[in-house]
Amino acid sequence: YKTPKIRKQEIKQMGILARANYVYDNKYSVTATIRRDGDSRFNADSRYRNFPSAALAWTISKENFMANATAIDNWKLRFSAGSAGNSGTRPNDSRETFVDYKYEFGDGYYTGGGSRLLVDENLTWQTTNQYDFGSDISLFKKRISFVTDIYYRHTKDLILDSPLAPNTGYVMYRTNAGELANWGLELA
């Protein structure tokens, strides 16, 4: 018995990124980003996805009411929210492909074709949405600095191998099956 040959396939990916930044009075800043990604491993209806993000920052130490705070060199509050995508799947996981198999029948071996996997035609991008609130502060002529971040991350449409019942003729198929959420506090 020989392992069936699977033909190599080229993967095509495309990404477009647009970003706008605005800073007002050297105290307030806004950044907006949109990313459009495409991946040939998905079917035409799922191939492209938009991933937006935005960030706001306020440099409190530049405010007039902080003029007498000589110990604080820099103090900035930050907030950001955005989405990111992952297309981490094998080339043919969203398309039915056939390969040659050797079958034993009677006294001989015969070549036949068979499907490599059960196809999830709706396989799509794994998407992570993240929210972050942070603070940067430096004191005493930048001798001491603190960075604090609190974040929440939610991933949906996880791309996973899902097991199938043996009577289907397949072991598993790759599909969007699940979600994951985590949060944390980072201090430096």
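What follows is calculated from the coordinates using simple rules that are stated; it is not laboratory data. Predicted model, so just to flag it, every value in this text is computed and none were measured. Here Cβ is always computed from backbone atoms with ideal geometry, including for glycine, and neighbour counts include all displayed protein chains.
For Asp100 and Leu77, compute 0.36 nm times the residue count separating them, minus their Cα-Cα distance, and round to one decimal in nm.
Residue separation times 0.36 nm, minus the Cα-Cα distance, leaves 2.3 nm.
Read through the labelled values (1) 25.7, 95; (2) 22.3, 76; (3) 15.2, 45 and report the label of the one computed as Rg and Dmax of the Cα atoms in Å from the structure.
This structure yields the entry labelled (1).
Would any residue of segment 36-74 have its amide N under 11 Å from a label point 7 Å out along Cα→Cβ of Lys12? List them or say none.
39-41
What nm distance separates the two modelled labels at Arg153 and Glu63, each placed 7 Å from Cα along Cα→Cβ?
Each label point is offset 7 Å from its Cα along the Cβ direction, giving 3.1 nm.
Pairs on different chains or at least eight residues apart, Cα atoms closer than 29 Å: how many lysine pairs in the chain fit?
13
Near Asp136, within a Cβ-to-Cβ distance under 10 Å, what is the net charge of the other residues, with Lys and Arg +1 and Asp and Glu -1?
Details: positive: Lys76, Arg78; negative: Asp149.
Once positives and negatives cancel, what remains is +1.
Which distance in nm do the two modelled labels at Lys141 and Thr70 give, with both placed 7 Å along the Cα-to-Cβ direction?
Using points 7 Å along Cα→Cβ, the separation is 1.2 nm.
With each label point set 7 Å from Cα along the Cα-Cβ vector, what nm distance links Asp161 and Tyr48?
According to this spin-label approximation, the distance is 3.3 nm.
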